[in-house]
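Participant: Can you keep this structure in mind? I'll have questions shortly.
The values are calculated or read from the model by the stated rules, or taken from the named source; none is laboratory data. Being a predicted model, the structure only gives us computed values, none of them experimental. No Cβ is skipped: glycine too gets one built from the backbone with ideal geometry, and neighbour counts run over all protein chains shown. Side chains are part of the model used for accessible areas, which takes the heavy atoms of the whole protein and leaves out ligands, DNA and RNA. Shrake-Rupley method; radii C 1.70, N 1.55, O 1.52, S 1.80 Å.
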Amino acid sequence: MAAPPNMELSPTLSLELLPTDPLLLILSFLDYRDLVSCCYLNRRLNQLSSHDPLWKRHCKKYWLISEEEKARQNQGWRALFISTYSDLGRYIHYYATLKKAWDDLKQYLGQWCPRMIGSLKESVREEDLDAVEAQIRCKLPDDYRCSFRIHNGQKLVVPGLMGSMALSNHYRSEDLLDIDTAAGGFQQRLGLKQCLPLTFCIHTGLSQYMALESVEGRNKYEIFYQCPDQMARNPSAIVMFITGTSYLEWFTSYVNKVVTGGYPIIRDQIFRYVHDKDCVATTEDITVSVSTSFLPELSSVHPPHYFFTYRIRIEMSKDALPENVCQLESRYWKITNAKGDVEEVQGPGVVGEFPVISPGKVYEYTSCTTFTTTSGYMEGYYTFHCLHNKDRFFNVTIPRFHMVCPTFKVSTA
């Protein structure tokens, strides 16, 4: 439809005529890919999308680059983003998450396990990871590669970064393997075809493996402990206790447990005991709490034998009266498996000791149990007698605590 003859036409709205500040505000909401695309649309957008402050958010979001790091590099935000992307661009969806996990872990270890910091290895180069892929003739997942661009695992030392466990006649401490050691342990034998070890314990020979291909009933990139099927005629029959569905999930969930205090630090080591916050009971001035752990290296699916250890903390309130000091006399346990079968155990002391508990004092000990079912629970009480009134005996409740075997897959062999 033609415009009336007396009406003046408005000038065509041009990008060149729009003010700069609103355009920069709009561009600040774009992701880095769209910001790069704007460079190729026209001269004005090319100039605006090169505005250095626009790239600050992307440097912090994807590469965790701080103001201090920028000052050290003596580069603008855009130049920093581009130079980092040219080196680590394939890991842009993983890098920030893994870098934060490593930074949080190192900060925590520096406070609680300082000698473990010295066992960490520096990052590897991209060509080193390419060489490993050529050696094992299998592709490594990008999240795994990305982690090694930050830290190349650790030296084979004790204690291991991936946690410890100590019983009277059993010790485990797992190191996070460097890339060359992991490649040397790459498996092609039946039962562990195309599996790469992630960890290693020099005491037990135990490793956690990552499946690099979906073979022998495994999912690609699944992480697991191997468990030989002792009842199979085929010695390559391996059952898996699954510990992760991807390297990113496996590593970051472990780090989160460590840095939030979910795993206790005992004698400068990380112990993989899990504590249920509801698993606490207080009787008079005495509080009992329990943490548990599953030990895959002492367990089997065929025959069914699931080994658990538990750590018990007994503490008397610091506000208790001095005359309330008492000594543990005996213990009573009611042990119930997943089928409802019940076993009762009663005996003197705990682990051969008769600890004395006084105001503000803590006593901890470790014991273990096994089930023929994948789960079970324990509960009971301790009997104490007062040292200032030896005729007085009383029971202290042990809260019910559950033990559950992790998900596992039965061998297809």
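Participant: With respect to Thr252, determine if the residue is over 27 Å from Tyr91 (Cβ atoms) and outside the structural domain of Pro296 (by the TED database). Can you show your working first?
Facilitator: On the way: over 27 Å from Tyr91 (Cβ atoms): no; outside the structural domain of Pro296 (by the TED database): yes.
In short, no.
Participant: For Tyr382, work out the one condition from (1) open to solvent by 30 Å² or more (accessible area, probe 1.4 Å); (2) in a strand (DSSP E or B); (3) hydroxyl-bearing (Ser, Thr, Tyr) it doesn't fulfil.
Facilitator: (1)
Participant: So, one more: Condition first: part of a helix (DSSP H, G or I) and either of a type outside the set (Ser, Thr, Tyr) or farther than 22 Å from Gly261 by Cβ (or both). Can you find one or more residues in region 150-159 that meet it?
Facilitator: Checking region 150-159: at least one residue is part of a helix (DSSP H, G or I) and either of a type outside the set (Ser, Thr, Tyr) or farther than 22 Å from Gly261 by Cβ (or both).
Participant: Additional query: Does Thr283 fit the bill of being in contact with a Ser or Thr (Cβ under 7 Å, 6 or more places away or on another chain), at pLDDT 95 or above and either outside the structural domain of Asp104 (by the TED database) or open to solvent by 20 Å² or more (accessible area, probe 1.4 Å) (or both)?
Facilitator: yes
Participant: Hey, among the residues in region 20-57 that are basic (Lys, Arg) and within 24 Å of Gln73 (Cβ to Cβ), which one's most open to solvent (accessible area, probe 1.4 Å)?
Facilitator: Arg33
Participant: Could you list all residues from region 108-128 that are surrounded by fewer than 20 Cβ atoms within 10 Å (Cβ to Cβ) and either in a helix (DSSP H, G or I) or not assigned by the TED database to the domain that holds Glu249 (or both)?
Facilitator: Answer for region 108-128, where residues must be surrounded by fewer than 20 Cβ atoms within 10 Å (Cβ to Cβ) and either in a helix (DSSP H, G or I) or not assigned by the TED database to the domain that holds Glu249 (or both): Tyr108, Gly110, Gln111, Trp112, Pro114, Arg115, Ile117, Glu126, Glu127, Asp128.
Participant: Which is within 30 Å of Leu156 (Cα to Cα), open to solvent by 50 Å² or more (accessible area, probe 1.4 Å) and modelled with pLDDT of 95 or more, of Leu98, Leu64, Leu88, Leu105?
Facilitator: Working: Leu98 fails: open to solvent by 50 Å² or more (accessible area, probe 1.4 Å); Leu88 fails: open to solvent by 50 Å² or more (accessible area, probe 1.4 Å); Leu105 fails: open to solvent by 50 Å² or more (accessible area, probe 1.4 Å).
Only one candidate qualifies: Leu64.
A quick yes/no check of all residues on (1) touching a residue at least 60 places away in the same chain (Cβ under 8 Å); (2) surrounded by fewer than 18 Cβ atoms within 10 Å (Cβ to Cβ); (3) touching a Cys at 6+ places or on another chain (Cβ under 7 Å); (4) under 24 Å from Asn169 (Cα atoms):
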{"residue": "Asp268", "(1), (2), (3), (4)": "yes, yes, yes, yes"}
{"residue": "Arg272", "(1), (2), (3), (4)": "yes, no, no, yes"}
{"residue": "Ser293", "(1), (2), (3), (4)": "yes, no, no, yes"}
{"residue": "Leu298", "(1), (2), (3), (4)": "yes, no, no, yes"}
{"residue": "Phe308", "(1), (2), (3), (4)": "yes, no, yes, yes"}
{"residue": "Lys318", "(1), (2), (3), (4)": "no, yes, no, no"}
{"residue": "Leu321", "(1), (2), (3), (4)": "no, yes, no, no"}
{"residue": "Cys326", "(1), (2), (3), (4)": "yes, no, yes, no"}
{"residue": "Glu344", "(1), (2), (3), (4)": "no, yes, no, no"}
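Participant: What is the residue count in region 129-144 for residues that are out of contact with any Lys or Arg (no Cβ under 8 Å at 6 or more places or on another chain) and in a helix (DSSP H, G or I)?
Facilitator: Number satisfying all stated conditions: 8.
Participant: Restricting the first residue to region 171-200 and requiring it to be in contact (Cβ under 8 Å) with a residue 24 or more places away in the chain and assigned by the TED database to the domain that holds Glu297, which pairs with a second residue that is part of a loop (DSSP other than H, G, I, E, B) and open to solvent by less than 10 Å² (accessible area, probe 1.4 Å) meet a Cβ separation below 6 Å and a spacing of at least six or different chains?
Facilitator: none
Participant: List the helices (runs of 4 or more DSSP H) that sit entirely inside region 13-69 and contain at least 3 residues that are closer than 25 Å to Ser83 by Cβ.
Facilitator: Result: 32-38, 43-49, 56-63.
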